[in-house]
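The values are calculated or read from the model by the stated rules, or taken from the named source; none is laboratory data. Source: prediction; values computed, not measured. Every residue, glycine as well, gets a Cβ built from its backbone with ideal geometry; the counts of neighbours run over all protein chains shown. We work out accessible area using only protein heavy atoms, side chains counted, and drop any ligands, DNA or RNA first. Shrake-Rupley method; radii C 1.70, N 1.55, O 1.52, S 1.80 Å.
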Amino acid sequence: MMDKLLQHCGSVFTGERAMDSNEHEKERGITIMSKYTRLHYKDHVLHVVDTPGHADFGGEVERILSMVDGVILLVDASEGPMSQTKFVLSKALAANKKPIVVMNKIDREGNRAEEVEGEIMDLFFALTSNEDLLQYPVFYASARQGWVSNNVKQLPGKDVSPLLDAILEHIPAASDPSKLTKPFAMSVNTIQTDLHLGRIVTGKVETGTVRIGDRVKVLTREGSAAGVETTM
């Protein structure tokens, strides 16, 4: 699905599984590490974190929840919710993240769309009583063919724009002008090492602003100074 969203928003790349970039992901054909990208859609910039769907890497989803304001739950229209679906959804709902449900592979014969939709609803009711989180939109999709529809009786869809429009409508924007006046603070979720650039951190700017050349302090998880100061 990420490939089709990238293509629709004008990103240029070759091949498939553009976000699955490391050696193990290419070898196994699955997403292992969460990765961030941006989508330019209409007059908006959408910040997207692509996460694994495999049960063994559910912790990757839990780790990035502080970076996002909403989640898209992708469920197979034939298999329905799996054990990892319950795990990651429970973490997202506990963190109060607005959900959007997408039932994928709806184009396949023998899909259980109506039954699976009921299973998803039962799962939501078992995990939360928050009325706001229970009012989630449901979409029907074929990631392989590159379309999404909000009506199971109107298939196939034209493209993935209905999902992008739903993100704009249902997931709150991250911007809050009052936060810009506060001191700069960024929560780090990923630390990587590059042979040329050195240490690379990825996270979410919680408050304030930062510019190239600014000096910032690194803090421990407990909030005390880690004794490290670096230049942006």
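Stretched out straight at 0.36 nm per residue, the stretch from ARG221 to HIS47 would grow longer than its current Cα-Cα span by 60.2 nm. Look at the dipole of region 64-206 built from charges on Cβ: of GLY203, PHE87, ASN151, the Cα furthest out on the positive end belongs to GLY203. Overall, region 80-188 carries a charge dipole of about 440 debye about its Cα centre when +1 sits on the Cβ of Lys and Arg and -1 on the Cβ of Asp and Glu, all other atoms neutral. Considering only VAL68, ALA113, ILE167, the residue lying farthest towards the positive end of the dipole of region 59-181 is VAL68, judged by Cα position with unit charges set on Cβ.
The residues of region 73-232 present an accessible area of 64 Å² per residue when probed at 1.4 Å with all protein chains retained. A protection proxy built from the mean count of other Cβ atoms within 10 Å ranks the segments 37-44, 87-94, most packed first, as 87-94, 37-44.
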